[in-house]
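The values are calculated or read from the model by the stated rules, or taken from the named source; none is laboratory data. Predicted model only: the values in this text are computed from it and were never measured.
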Amino acid sequence: MAKIYSKKNLVTTKMKPKKEVVSFLLNYSKALHLIKIDDKSFEIITN
């Protein structure tokens, strides 16, 4: 007798970030400045 194997559908959960995380990342990206001098680059975080 043949065995019947069925694959269960993987449940995809929609991940939503917290508002605090999004706010932190946006503020960090706004404060980050890149300065390129010749072949070097400097990252400066201004608050």
(message) Condition check: modelled with pLDDT of 90 or more and of a type in the set (S, T, N, Q). Does S29 satisfy that?
(response) no
(message) Condition first: at pLDDT 80 or above and of a type in the set (V, I, T). Now tell me which residues in the range 1-26 satisfy that.
(response) V21, V22
(request) Considering each residue of the range 25-41, count those that are basic (K, R) and assigned to a strand (DSSP E or B), and give that number. (result) 2
